[in-house]
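Asker: Okay, here's the structure, questions in a sec.
The values are calculated or read from the model by the stated rules, or taken from the named source; none is laboratory data. The shown structure was predicted, so the numbers you read here are calculated from the model rather than taken from an experiment. Cβ atoms come from the backbone with ideal geometry, glycine included; neighbour counts cover every protein chain shown.
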Amino acid sequence: MPKIKTHKATAKRFKYSKRGKLLRTKVGKSHLRRRKSKRVKRMFDEMHEVTAPGDIKRVRRLAPYLKKSR
């Protein structure tokens with residue numbers, strides 16, 4: 001059985017928490033930040049939990065070797 005290739009963009013955007021929850025980054029943090037408030041820019045640094053079961057299944061398929069915990 002050959003190894004499964006990891007989708008690199010998915011591996012960069014998601015990670016697992018210590019308790020095993022899948023976390024995601026927010027979109028829109030790379031450009032057009034001058035007009036955003038400080039509060040909004042601070043919120044981009046937070047990781048948010050992925051709650052939809054279909055999304056969790058998709059991320060597992062795209063990044064099968066993503067670290068569960070460190």
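For (1) in contact (Cβ under 8 Å) with a residue 24 or more places away in the chain; (2) not charged (D, E, K, R), each residue gets a yes or a no:
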{"residue": "ILE4", "(1), (2)": "yes, yes"}
{"residue": "LYS8", "(1), (2)": "no, no"}
{"residue": "TYR16", "(1), (2)": "yes, yes"}
{"residue": "LYS29", "(1), (2)": "no, no"}
{"residue": "ARG35", "(1), (2)": "no, no"}
{"residue": "VAL40", "(1), (2)": "no, yes"}
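Asker: While we're here: Being of a type outside the set (D, E, K, R), assigned to a loop (DSSP other than H, G, I, E, B) and over 14 Å from the mean Cα position of the chain (by Cα) is the requirement here; does LEU66 meet it?
Answerer: The answer is no for LEU66.
Asker: While we're looking at this one, here's another question. Could you list, in sequence order, all residues of region 25-43 that are of a type in the set (Val, Ile, Thr) and surrounded by 10 or more Cβ atoms within 10 Å (Cβ to Cβ)?
Answerer: THR25, VAL40
Asker: Oh, and also: Of the residues that make up region 16-24, is at least one of a type outside the set (Gly, Ala, Ser), surrounded by 10 or more Cβ atoms within 10 Å (Cβ to Cβ), in a loop (DSSP other than H, G, I, E, B) and at pLDDT 90 or above?
Answerer: yes
Asker: Would you mind stating whether ALA63 is on the phi < 0 side of the Ramachandran plot, small (Gly, Ala, Ser) and either without any contact (Cβ under 8 Å) to a residue 24 or more places away in the chain or touching a strand residue (DSSP E or B) at 6+ places or on another chain (Cβ under 6 Å) (or both)?
Answerer: Against the criterion (on the phi < 0 side of the Ramachandran plot, small (Gly, Ala, Ser) and either without any contact (Cβ under 8 Å) to a residue 24 or more places away in the chain or touching a strand residue (DSSP E or B) at 6+ places or on another chain (Cβ under 6 Å) (or both)), ALA63 does not qualify.
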